[in-house]
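The values are calculated or read from the model by the stated rules, or taken from the named source; none is laboratory data. Predicted model only: the values in this text are computed from it and were never measured. Here the Cβ is made from the backbone with ideal geometry for all residues, glycine too, and neighbour counts use every protein chain on show. To get the accessible areas, we keep the full protein, side chains included, count just its heavy atoms, and leave off ligands, DNA and RNA. Shrake-Rupley method; radii C 1.70, N 1.55, O 1.52, S 1.80 Å.
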Amino acid sequence: MTVSTYPTLVMKFGGTSVGTPEAMHQTAKIVRDNLSAWPRIVVVTSALSGITDLLIKSAIAATRGDVFTFQDTARILTERHEAIITSGMIHPARQDAIRESVQALIQDFSNLCLAISVLGEATPRAMDAVASLGERLAVRLLAGAIDSLGAPAEYIEATRLIQTDAHHQAAHPDMAATKNAIHAVLSPLLERGIVPVVTGFIGATPEGATTTLGRGGSDYTAAILGALLPSDEVWIWTDVDGVMSADPRIVPHAATIEQLTYREVSELAFAGAKVLHPKTIRPVIEAGIGLRVLNTFNPAHVGTRLVSELPVLGQKVVKSVTTIRGLKLVTLEGRGMLGVPGVAARTFAAIASTGASVSLISQASSEQAICFAVPAEVIQQVISAVQLAFRDEFENKDIDRVWASEEVVIVTVVGEGMRSTPGVAGKVFSALGDQKINVIAIAQGSSEVSISFIIASQDAVAAVRVLHDLVIR
Ligand code: ADP
Ligand code: ASP
Ligand code: MG
């Protein structure tokens, strides 16, 4: 197998970057314009903005026997994709073929939803078949748009590239099999000067069933392809000027962080900063590949570059503030808990049995209570699982009760400098105290690159704004 000596770049475009005719055109131009510096470019695209949500919502409605929602969605799918086909950016000679294959996929969508409505249920496998359609539609348009600008491009469905296990909706890639497929499918195209335009978010089992990598997973697709090609760099194109000091929707004056370490960005991604999918970072670090986050709508902006190390001096101590919303805090408490063996381990085994992921854990040193945060939508399953696991202890009154809070938010402040700067936690908590924001629980990231704490949902915006002031200082 020959490794190319030509510079290779993977560029991933998010939903807003392909969501309208103007955006798709801009995206196609970015690809074409970068070909002079990067002779080998692999493009990864998400579905048009909002489409994956619509697909999933329609399939769920179909499980209730609702056959109208998916018909409405089919109409929207046609309108949104047709608007791009006829916008003038796709060469007239190519339009009919693209339209035909778009229509065939929309028909598949309707057939799948009809089948779901008849069965009255959607298996995770069926949900993946539906959810994958957005990316499968998008690649056809984007490849057509790039090609029409004079840069030969071909769409590729990642079901041919990314082999995964059968863990539908959060599938795990088999890197060895994927590497072989990438070399077999992408290398010949790249050698002929063709830009492969690959579906983000999806893969397939060895048996050929379509899987998805988890919501927001197109970033992960780009990282997998980048690591296995291997490429020199992976650029994530989105709708903001890179990774910022806070979500600009919450803090309008949030600023771009031009350089960030992999550790910092991992903490941010895991702590809810939607700009990068948390799984993106590991393959890129392991392969030693450059990673950048850029704005499709402001391509002249430098965006963010991720680096392995940064000098501590001259860096901000706190760099960014982020939140995870929609959680509830579960507390398990009882005066007899001190004598109960393995409470934490048994609690987490019980939660794991529900498939829910735990975002934060804290145990009082008195060992009379343990509390953890889980997504609000799984709260009932989690509480039932914990009650079942400690049935005997509840009966003996060693454990008194397990209960869920109102909705809460985890707020995380991130910055490598916190490790060597005493008193950051103090500043964080006094800033919150000044605003009369009550901190319900605290956890410090083991890496000391972040501090996370839980507050009531209604305090989230105020907390992010006041902590963002610590970034600017
Ligand atoms: P894409 O569709 O391009 O993948 P996403 O919506 O998944 O885009 O992620 C980009 C969004 O992430 C931005 O529009 C922004 O609102 C949000 N975001 C949250 N936290 C941050 C942050 N710290 N920096 C930049 N963007 C953030
Ligand atoms: N389209 C998918 C989603 O909405 C994947 C992505 O956008 O990264 O989750
Ligand atoms: Mg995203």
- If only Cα atoms are counted, what is the Rg of the chain, and what is its Dmax, in Å? 23.9, 77
- Give me the accessible area per residue for the chain, probe 1.4 Å, as a whole number in Å². 43 Å²
- Item | Apportionment of accessible area to carbon and sulfur, region 86-168, percent (1.4 Å) | 53 percent
- region 411-473 - Rg and Dmax from Cα coordinates, angstrom: 11.0, 32
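Counting only helical runs of four or more DSSP H residues, what would the 222 nm mean residue ellipticity of the chain come to if each run contributes -39,500 (n - 2.57) and the total is spread over all its residues? If you can, show how the numbers build up before the last one.
Working: 15 runs with 193 residues, N = 473.
Calculated mean residue ellipticity at 222 nm is -13000 deg cm²/dmol.
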- Message: Out of the total accessible area of region 384-473 (probe 1.4 Å, heavy atoms of protein only), what percent is carbon and sulfur?
- Response: 48 percent
- Holding the Cα-Cα limit at 29 Å, pick out from 397/427; 316/436; 274/328; 397/436; 328/427 the pairs that are longer than that. 397/427; 397/436
- Note on the structure: Relative contact order as a percentage, the chain, C-alpha pairs under 8 Å and 6+ apart, gives 13 percent
- Based on DSSP, what percent of beta bridges with both residues in region 155-285 are antiparallel, to the nearest 5? 60 percent
- Message: Suppose we keep just the DSSP beta bridges with both residues in the chain; what percent of those would be antiparallel, to 5?
- Response: 60 percent
- Item | Relative contact order (%) - criterion: Cα under 8 Å, at least six apart; region: region 140-246 | 26 percent
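Would you please name the trypsin sites (Lys or Arg not before Pro) within region 387-470 that are DSSP coil residues with at most 12 other C-beta atoms within 10 Å of their C-beta? List each step's numbers first, then the result.
Numbers: sites: 391, 397, 401, 419, 427, 436, 465; in loops: 397, 436.
Answer by residue number: 397, 436.
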- Note on the structure: Under Stokes-Einstein, region 21-68 at 4 °C and 1.567 mPa s, with its Kirkwood radius over C-alpha pairs, diffuses with a coefficient in µm²/s of 95 µm²/s
- So for region 186-270, taking the charge dipole from beta-carbon charges (+1 Lys/Arg, -1 Asp/Glu), which of 196, 250, 231 sits furthest toward the positive end? 196
- Task: Return one number: the angle in degrees, 0 to 90 and rounded to the nearest 10, between the long axis of the Cα atoms of helix 343-354 and the longest principal axis of the Cα atoms of the chain.
- Result: 30 degrees
- Query: Alpha carbon centre of region 205-284 versus region 374-420: separation in Å?
  - Reply: 28 Å
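Using packing as a proxy for protection, rank 223-231, 149-157, 270-278 so that the peptide with the highest average count of other Cβ atoms within 10 Å comes first.
Values: 223-231: 25.3, 149-157: 17.4, 270-278: 20.8.
Put in order of decreasing packing, that is 223-231, 270-278, 149-157.
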- Query: lysines within cross-link reach of residue 279: Cα-Cα under 19 Å, excluding same-chain residues under 8 positions apart?
  - Reply: 12, 179
- Between residue 48 and residues 5 or more places away or on another chain, the pairs with built amide H atoms under 5 Å apart involve 138
- Query: If one computes the Cα centroid of region 1-60 and of region 108-187, what distance in Å separates the two points?
  - Reply: 14 Å
- Item | Simple label model, 7 Å out from Cα along Cβ direction - residue 180 to residue 93, nm | 3.8 nm
- Query: Residue-wise, which Karplus ³J(HN,Hα) couplings in Hz belong to region 119-127, taking 6.51 cos²θ - 1.76 cosθ + 1.60, θ = phi - 60°, and x for glycine or proline?
  - Reply: 6, x, 7, 10, 6, x, 5, 5, 4
- Phi-derived 3J(HN,Hα) across region 413-420 with the Karplus relation (6.51, -1.76, 1.60, θ = phi - 60°), rounded Hz, x for Gly and Pro, is 9, 10, x, 4, x, 5, 4, 9
- Folded to 0 to 90 degrees: helix 51-63 orientation relative to the chain principal axis, Cα: 70 degrees
- Query: Semi-axes of the equivalent ellipsoid of region 340-412: what are they in whole Å, largest first, if each equals the square root of 5 times a C-alpha gyration tensor eigenvalue?
  - Reply: 20, 15, 11
